[in-house]
Amino acid sequence: MHRSRNPVFDRLRVLTHALNESRLMFRDRATLERHQSRLAAEQLRWVAVHSSYTAQRFRQAGLSVGQWRQLPPISKAEMMANFDTLNTAGVTLAEVLDVARRAEASRDFSPGLPGNLTVGLSSGTSGSQGAFLVSRAERLQWAGAVLRHLLPDWPAGLLRRQRVAFVLRAEGQLYRSVGSSRLHFEFLDLLRPVDELAERLTAARPTLLIGPPSVLRALLNAGATAYPERVVSVAEVLEDADRTALQAGFGPVVEVYQATEGLLALPCPHGHLHLNEAHVHFDFEALGNGYVQPVLTDLRRRAQPMIRHRLNDLLVLADGCTCGQAARRVVQIAGRQDDALNLPSASGTRLTIWPDFVRGALNRVASLCEYRAEQVGAATLHLQLDPDAPALREAAGHEIGAAFTRLGVGDIELTFGPLLADLPGAKRRRVVRSWH
Ligand SMILES: [Zn+2]
């Protein structure tokens, strides 16, 4: 029924992908774009035949498959609403959610979906949770790309013993599938209690440590010791305070830009983040002030095709890099657009305030350890502070007030309270809008 899960075969596949990846780090923009066009033609042809929802999008827009770049983008909500006919694995959303929730509850990933599929759930903003199917072949390709870009000292690093620790949620099989004495992958489930995780991390003695920054920082605070050659931040926006703490506690930090929608950008040896353009095609919608929103088309993934999918992230981009790679650079991940605040302006209109500005203001408050800023009303911002002391409330109010005045925000009400704990496994979101 299932193809055999042969660890040696898997490890070879991962290494092959990693070695191939070197050929895909284009130094010339025109060559990169030719590579993308070739993959896109093949991918779109296949997807239009196997994903009836995608075929329907083309019909409704009156476009041929060759005109895919004009296809109107879809959002995560539309993707989820059409999940059953969008995916090419023949599974329904109800089945997928059932498997994913049982796996999360029991921590047993073996009763998977047919065809060696795994499912990831994204935390939903506005109450909508996303489900993402990944096939075994796609997981091995992902691991190869991560290995190629992040293993210290490539390719010489391959010849040394490497222990890679992943601290991630509910991914299961992928991380177990690529273990050997020379290249060992350790999976630490971030839903386990922090003290237990910290002990396991210490025992794992990773040479490469990969996980969400808020969780890695919690492990550090819980007493985990590790001296990896590299710490890789994934799944959340890496903020300066976390970077500094992780760097001091564990070692040099690099950032991968990954969402459940895909592996979106990887760091180069010169410390910059490059879009993963060898595998994902990006168009961008300008939102003003240099901010753009990606519309992505994954050129590889087929279990759940991502074709002209609008990502709710806000980026600042740049061309060119001293490393010589042609893939564009992400200079800044300014936040999830869903979390942008919507506040009254001084002149009575509404203003969009990006999370980054709020973070910038609160990062200036000395001795504030952690916070959460939540827009709870049309003109009300609730600040949870840790520690929650009168002097910090005053300083936070002052910084927010100064930033909002600069941005032209009108009268708003600030309320304060102590920081409440995140739900276990929830993505850390420091700036949130719950008012709609
Ligand atoms: Zn570079």
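The values are calculated or read from the model by the stated rules, or taken from the named source; none is laboratory data. Everything numeric in this text was worked out from a predicted model, so none of it was measured. As a convention, Cβ positions derive from the backbone with ideal geometry for all residues, glycine included, and neighbour counts pool all protein chains shown.
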- [ ] Report, ordered by the first and then the second residue, all pairs with beta carbons closer than 6 Å, sequence separation of six or more or different chains, a first member in the stretch 383-409 that is in contact (Cβ under 8 Å) with a residue 24 or more places away in the chain, and a second member that is of a type in the set (Asp, Glu) and part of a strand (DSSP E or B).
- [x] Asp386/Glu370
TODO: Residue by residue through the stretch 314-355, note down the ones that are among the charged types (D, E, K, R), free of Cβ contacts under 8 Å to residues at least 60 places away in the same chain and closer than 17 Å to Phe404 by Cα.
DONE: Arg350
TODO: Tell me which residues, restricted to the stretch 364-380, are without any contact (Cβ under 8 Å) to a residue 60 or more places away in the chain, more than 21 Å from Leu238 (Cβ to Cβ) and in contact with a Phe, Trp or Tyr (Cβ under 9 Å, 6 or more places away or on another chain).
DONE: Val376, Gly377, Ala378, Thr380
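Mind checking which residues of the stretch 186-200 are assigned to a helix (DSSP H, G or I) and over 13 Å from Ala165 (Cβ atoms)? Reasoning before the result, please.
From the stretch 186-200, those assigned to a helix (DSSP H, G or I) are 194-200; that's our starting set.
Residues satisfying the conditions are Val194, Asp195, Glu196.
So is Gln332 surrounded by 15 or more Cβ atoms within 10 Å (Cβ to Cβ) and in a loop (DSSP other than H, G, I, E, B) or not?
Details: surrounded by 15 or more Cβ atoms within 10 Å (Cβ to Cβ): yes; in a loop (DSSP other than H, G, I, E, B): no.
Taking the combined requirement at face value, the residue does not satisfy it.
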- [ ] Scan the stretch 363-377 and give yes if some residue there is among the aromatic types (Phe, Trp, Tyr) and more than 29 Å from the chain's Cα centre (by Cα), otherwise no.
- [x] no
- [ ] Give the number of residues within the stretch 201-220 that are assigned to a loop (DSSP other than H, G, I, E, B) and β-branched (Val, Ile, Thr).
- [x] 1
Open item on the list: Looking at Ala226, Ala235, Ala278 in this structure, which one is buried (at least 19 other Cβ atoms within 10 Å of the Cβ), farther than 26 Å from Glu186 by Cβ and among the small types (Gly, Ala, Ser)?
Closed with: Ala278
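When the stretch 44-54 is examined, which residues are found to be over 16 Å from Leu296 (Cα atoms) and assigned to a helix (DSSP H, G or I)?
Start the filter on the stretch 44-54 by keeping residues that are over 16 Å from Leu296 (Cα atoms), which leaves 45-46, 48-53.
Scanning the stretch 44-54 gives Arg45, Trp46, Ala48, Val49, His50, Ser52, Tyr53.
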Open item on the list: Consider the stretch 322-353. How many of its residues are within 16 Å of the ligand (Cβ to nearest atom) and charged (D, E, K, R)?
Closed with: 2
Open item on the list: Quick test of your reading of the structure: Asp356 fulfils all but one of (1) away from the ligand (no atom under 16 Å from the Cβ); (2) surrounded by fewer than 15 Cβ atoms within 10 Å (Cβ to Cβ); (3) under 21 Å from the mean Cα position of the chain (by Cα). Name the failing condition by number.
Closed with: (2)
Open item on the list: Tell me which strands (runs of 3 or more DSSP E) are completely within the stretch 117-185 and hold 3 or more residues being modelled with pLDDT of 75 or more and among the aliphatic types (A, V, I, L, M), or say none if there are none.
Closed with: 130-134, 162-168
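Conditions (1) part of a loop (DSSP other than H, G, I, E, B); (2) basic (Lys, Arg); (3) under 19 Å from Thr260 (Cβ atoms), marked per residue:
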position	(1), (2), (3)
His35	no, no, no
Glu42	no, no, no
Arg57	no, yes, no
Arg69	no, yes, no
Ala77	no, no, yes
Open item on the list: Checking Leu63 against (1) outside any loop (DSSP other than H, G, I, E, B); (2) at pLDDT 95 or above, only one condition comes out false. Which one?
Closed with: (1)
